[in-house]
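Trainee: I have a structure I would like to understand better, so I am pasting it below and will then ask my questions one at a time.
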Amino acid sequence: MRRLCIIGLLIVLALLGVVALKRTSSLPEPEYQGKPLAWWVTERSIASTSEQAQRAETALREMGTNSLPYILSELQRRDSKPVDWLMRLLQRVRPFRIQYTPPAIRHYHAQAALTAIGPALGKPRVLELMAHQSQYVREAAAHALAEFAVPEGQQALVASLSSSNLSVRAAAAVGLRGGGYFPHTAIMPLASCIGDADAELRTAAAETLVEYCRIYAGRVPEVALSNLVHSLGDSSPTVRRFSATALGLAKPQGELVIAALTVATNDPDPTVRDSALSALTLIGPDAAERVAERK
């Protein structure tokens, strides 16, 4: 028993050492008017008045490019599960009472900060970050670009869908779901991406097309609908599910779409079958009759 206690203590000490090393090697968090970047990010997200939001926005932009190294470091940093578990445990132990922010919250703070300082960095710099080696940085950069003044940021994202860099295309497909602005010109490039060889890009593009088909119901180009129909045979059930959902929201009346969705109601994956049935119901009475015939 004593031996087990000693081993347990050594493991705890080793983990503490890892934690201490990680914490000391981290870049210092930028501050403005004596408050850290995370405080201003939180203030920006919970602001109850436009004055509070503007104050937080100003603070984040004042830190601007000086805070970028810290933001990039936080976006890429991931505590291991044992370290995260130990830190959460120590937070509850009275002798320690350490300050610890879980990785998911740190990541949120960093992404929100990058979004806030995006205009200060400028579009060329944010576009560079979309080609970063880290997926988390790329996605944060795409979200930042989506928040640029309309339509500047979204036009840049649409153009990025044609990039020769796969990572940039995937980040752009994700970013086009944000910002609250959905350019019709994005539909065809997104539809082209769902035929890509990379599963991650196909998934991102199909999920984004769900939102575009919802907004542009009845105005989705035939070629884009054809690509979505083709994606009902994708190797990924996630892509098939999003494609079925997008087709239903687009409300096309063509026989080809209705026939393809009817076939998809026999898909091996239950979520795809359910999405195809829902899509047929959304399209209208003629398609709904096919649903009734199956029952």
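Trainee: Does Ser236 satisfy the criteria of being among the hydroxyl-bearing types (Ser, Thr, Tyr) and surrounded by fewer than 24 Cβ atoms within 10 Å (Cβ to Cβ)? Full working, then the answer.
Mentor: On the way: among the hydroxyl-bearing types (Ser, Thr, Tyr): yes; surrounded by fewer than 24 Cβ atoms within 10 Å (Cβ to Cβ): yes.
For Ser236, the condition - among the hydroxyl-bearing types (Ser, Thr, Tyr) and surrounded by fewer than 24 Cβ atoms within 10 Å (Cβ to Cβ) - is met.
Trainee: Select from region 255-272 the residues that are modelled with pLDDT under 95 and farther than 17 Å from Leu225 by Cα and write down the one among them that is farthest from the chain's Cα centre (by Cα).
Mentor: Per the stated criteria, the residue is Asn266.
Trainee: Now, a different point. Taking the condition of being touching a Gly at 6+ places or on another chain (Cβ under 9 Å) and open to solvent by 70 Å² or more (accessible area, probe 1.4 Å), how many residues in region 124-165 meet it?
Mentor: 3
Trainee: Can you work out which of the residues in region 109-124 that are touching a residue at least 40 places away in the same chain (Cβ under 8 Å) and not aliphatic (A, V, I, L, M) is nearest to Gln54 (Cα to Cα)?
Mentor: In this case the residue turns out to be Pro119.
Trainee: Another question about this same structure. Of the residues that sit in region 180-214 and are in a helix (DSSP H, G or I) and of a type in the set (Gly, Ala, Ser), which one is farthest from Lys123 (Cα to Cα)? Quick ask: steps written out before the conclusion?
Mentor: Taking region 180-214 and keeping what is in a helix (DSSP H, G or I), we get 184-193, 199-214.
If we keep only those that are of a type in the set (Gly, Ala, Ser) as well, we get 186, 191-192, 199, 204-206.
Values: Ala186: 19, Ala191: 25, Ser192: 25, Ala199: 28, Ala204: 22, Ala205: 22, Ala206: 26 Å.
Looking at the filtered set, the residue picked out is Ala199.
Trainee: Which count do you get for residues in region 255-269 that are part of a helix (DSSP H, G or I) and either of a type in the set (S, T, N, Q) or touching a residue at least 12 places away in the same chain (Cβ under 8 Å) (or both)?
Mentor: Of the residues in region 255-269, 8 are part of a helix (DSSP H, G or I) and either of a type in the set (S, T, N, Q) or touching a residue at least 12 places away in the same chain (Cβ under 8 Å) (or both).
Trainee: Looking at (1) at pLDDT below 85; (2) touching a helix residue (DSSP H, G or I) at 6+ places or on another chain (Cβ under 8 Å); (3) among the charged types (D, E, K, R), can you tell me which one Lys81 breaks?
Mentor: Looking at each condition in turn, Lys81 falls short on (2).
Residue-by-condition table, conditions (1) under 16 Å from Ile187 (Cα atoms); (2) at pLDDT 95 or above; (3) touching a Ser or Thr at 6+ places or on another chain (Cβ under 9 Å):
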| residue | (1), (2), (3) |
| --- | --- |
| Cys213 | yes, yes, yes |
| Asn227 | yes, yes, yes |
| Pro237 | no, yes, yes |
| Gln253 | no, no, no |
| Arg290 | no, no, yes |
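Trainee: So, of the residues in region 166-192 that are of a type in the set (S, T, N, Q) and under 15 Å from Arg202 (Cα atoms), which turns out to be surrounded by the fewest Cβ atoms within 10 Å (Cβ to Cβ)? So that I can check it myself, show each step before the final result.
Mentor: As a first pass, look at region 166-192 and keep what is of a type in the set (S, T, N, Q): 167, 185, 192.
Pick out the ones that are also under 15 Å from Arg202 (Cα atoms) and you get 167, 192.
Numbers: Ser167: 20, Ser192: 16.
Here the residue is Ser192.
Trainee: Which of the following residues is outside any helix (DSSP H, G or I), touching a helix residue (DSSP H, G or I) at 6+ places or on another chain (Cβ under 6 Å) and not aromatic (Phe, Trp, Tyr): Arg177, Arg169? Working first, answer last.
Mentor: Working: Arg169 fails: outside any helix (DSSP H, G or I).
Answer to the check: Arg177.
Trainee: Now for a separate question. All but one of (1) under 13 Å from the mean Cα position of the chain (by Cα); (2) over 25 Å from Arg202 (Cβ atoms); (3) open to solvent by less than 30 Å² (accessible area, probe 1.4 Å) hold for Ala113; state the number of the condition that does not hold.
Mentor: Exception for Ala113: condition (1).
Trainee: Moving on to the next point. Any residue at all in region 33-43 that is over 22 Å from Ala149 (Cα atoms) and modelled with pLDDT under 85?
Mentor: So far as region 33-43 goes, no, none of its residues is over 22 Å from Ala149 (Cα atoms) and modelled with pLDDT under 85.
Trainee: Would you point out the residue of region 257-278, among those that are more than 20 Å from Glu222 (Cα to Cα) and touching a Ser or Thr at 6+ places or on another chain (Cβ under 8 Å), that is surrounded by the fewest Cβ atoms within 10 Å (Cβ to Cβ)?
Mentor: Residues of region 257-278 more than 20 Å from Glu222 (Cα to Cα): 265-275, 277-278.
Applying the additional criterion that residues be touching a Ser or Thr at 6+ places or on another chain (Cβ under 8 Å) yields 273, 275, 277-278.
Values: Arg273: 18, Ser275: 27, Leu277: 21, Ser278: 16.
Here the residue is Ser278.
Trainee: Looking at Ser167, Ser134, Ser160, which one is within 17 Å of the chain's Cα centre (by Cα), over 20 Å from Phe242 (Cα atoms) and touching a residue at least 40 places away in the same chain (Cβ under 8 Å)? Working first, answer last.
Mentor: Values: Ser167 fails: touching a residue at least 40 places away in the same chain (Cβ under 8 Å); Ser160 fails: touching a residue at least 40 places away in the same chain (Cβ under 8 Å).
Exactly one residue qualifies, and that residue is Ser134.
Trainee: Turning to a different aspect of this structure: Within region 147-178, how many residues turn out to be in contact with a Lys or Arg (Cβ under 8 Å, 6 or more places away or on another chain) and among the hydrophobic types (A, V, I, L, M, F, W, C)?
Mentor: Summing the residues that are in contact with a Lys or Arg (Cβ under 8 Å, 6 or more places away or on another chain) and among the hydrophobic types (A, V, I, L, M, F, W, C) in region 147-178 gives 6.
The values are calculated or read from the model by the stated rules, or taken from the named source; none is laboratory data. Values in this document were obtained by computation on a predicted structure and should not be read as measured data. Virtual Cβ from ideal backbone geometry, glycine too; neighbours counted across all protein chains shown. Each accessible area value is taken on the protein alone, full model and side chains, heavy atoms only, with ligands, DNA and RNA left out. Shrake-Rupley method; radii C 1.70, N 1.55, O 1.52, S 1.80 Å.
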